[in-house]
1. Using a Förster radius of 30 Å, what is the FRET efficiency between I343 and I406 based on their Cβ-Cβ separation? Nearest 0.05, please.
2. Using amide H atoms built in the peptide plane, which far-off residues or other-chain residues are under 5 Å from V130 H to H?
3. Can you give the charge dipole size of region 212-358 about its Cα centre, rounded to the nearest 20 debye, using +1 on the beta carbon of Lys and Arg and -1 on the beta carbon of Asp and Glu?
4. If you build a Gaussian network model of the chain, linking Cα atoms that sit under 10 Å apart, which residue out of K126, K308, K148 swings the most?
5. Pick from P349, P381, P111: which residue has the top mean-square fluctuation in a GNM of the chain where Cα pairs under 10 Å get a spring?
6. Can you tell which of K275, K65, K175 shows the greatest fluctuation in a Gaussian network model of the chain with Cα springs below 10 Å?
7. How big is the dipole moment of the chain about its Cα centre under a simple scheme where the beta carbon of each Lys and Arg is +1, that of each Asp and Glu is -1, and everything else is neutral? Debye, nearest 20, please.
8. Please list the non-local residues whose amide H lies under 5 Å from the amide H of G181, H modeled 1.01 Å from N, same-chain partners needing a gap of 5 or more.
Amino acid sequence: EQQAKLLASLKKQWDEAIKKDPDILFDCPELHALQTYKAGDYVADLALIDKLSKLAPATVERLDKMGLKWNDFSSQYVGAIWPRCHDAANYTSGQGYIDTFRHTIEKEKLPVTILLQTKADELIKKDGRVVGVKATGPNGEKVTLNAKKGVIMTSGGFGANVEMRQKFDKLWGGKLGKNIGTTNSRAITGEGILMAEKAGAGLVDMGYIQLLPVTDPENGTVSGICQGTAIYVNTEGKRFVNEMGRRDELSKAALAQPGGVFYRMCTVKNARINKDGLTTLGIPVETFLKSGKVIRGENVEDLASKIKVDPKVLKATFDKFNDFCRSQGEDKEFGRPSCAPNIPMYEGPYYAELRTPSVHHTMGGVRINTNAQVLDTAGKPIPGLFAAGEVTGGIHGTNRVGGNAIADALTYGNVAGESAVK
Ligand SMILES: Cc1cc2nc3c(=O)[nH]c(=O)nc-3n(C[C@H](O)[C@H](O)[C@H](O)COP(=O)(O)OP(=O)(O)OC[C@H]3O[C@@H](n4cnc5c(N)ncnc54)[C@H](O)[C@@H]3O)c2cc1C
């Protein structure tokens, strides 16, 4: 019923929008919700998604008011499906969000105490209500935090916990052991999920673990120089997938290539390099070239010989892709919907970087309702316990849409805060 309502509202807005401007780059919260639901194979809780997509624009505005400067264009990350991602103009990483909150706390002299290097060990429960947290400080000292209004868990997923990955995985056939890397920090071990479970929380969608297809085979990091949805070419010099597709589809296709690896390729025009020769993470391109992580060729044939691919095959791959871009036609082989955001790759220098999928996001976690209250195994709210972000499950289904995680964490973080003070 909720899906039908969203569809009807989407149709109405779409009809009105294209009547006014047939070339409009259309978007609305309903489209965001329906795409998120579909991309997660309809297993997520649509009420949670609906709330996320309705409130996400307000999240962007709230951060803007706090001083985060957004780019005045949207982008489309790997697996984002639609150009809906917002990037900070004044930051190159997630540090921007933390700084923005920190500066707001300082500027407005908000009564917030931040305890760094302090590890939460256990939730304190009294008469069925969560009333605090037991923790360990930087020098091993025991810390007890008493919560009058509630505890909000935001401890992330379990992408770096090999044991949990192997225990819960339902998508990757037991292949998420030590041999596969992760983009996550080592701290992302799912402790919060287990702590909440111990306090009675129900868990949901724990088997759905996302691989990011475009990571460094040596260490699982996302650093590199080509745009996420640049052309992907296997070690035989051939494209093999619609680069703008879902992350699970991209990862499956990548793992099926020889050696489970592929090259992401781009030219200087569609690399993410600024005028100072730095990548979006502020790393000089030279660093990548020197380490051999990025290989540069003056033209396609030069690049092909450096990566030991038949130059004729690679040239044919580029020619075909460029024809598709030039004609704005159809990608008959793989169904890529458009050439954008790339520009055709006619001129060198060309770059290639070796990529493979690594564990990136865990879609499962503690079950919450639309007020970000943690639910017990019977679906009832646990008094005093709230959660937001990757520690929760139920929003992204089997496959998270690129760009939706930060939106989820920031939006439901706010919902949780509001619920806790009510
Ligand atoms: C490299 C990378 C790039 C990404 N890029 C994007 C992107 O561009 N867009 C997007 O939408 N998403 C992106 N994601 C996903 C997104 O960053 C995460 O899903 C999101 O940060 C989750 O936010 P969170 O606040 O729920 O948890 P986290 O950001 O993971 O934070 C959890 C925190 O809890 C701490 N913690 C864990 N256990 C304990 C404990 N017991 N005691 C105390 N502290 C604890 C951890 O140390 C960590 O600091 C990216 C992820 C990675 C790894």
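Rule-based calculations on the coordinates, nothing more; no lab input. Since we're looking at a predicted model, the values are computed, not measured. Heads up, the Cβs are rebuilt from the backbone with ideal geometry, glycines too, and the neighbour counts pull from every protein chain shown.
1. Working from the Cβ atoms, E equals 0.65.
2. Long-range HN contacts for V130: G384, L385.
3. Roughly 100 debye, rounded to the nearest 20.
4. Looking only at K126, K308, K148, the largest GNM fluctuation is found for K126.
5. Evaluated over the chain, the most mobile residue of the options is P111.
6. Of the options given, K275 has the highest mean-square fluctuation.
7. That gives the chain a dipole magnitude of about 760 debye.
8. Amide H to amide H, under 5 Å and 5 or more residues apart or across chains, G181 pairs with V359.
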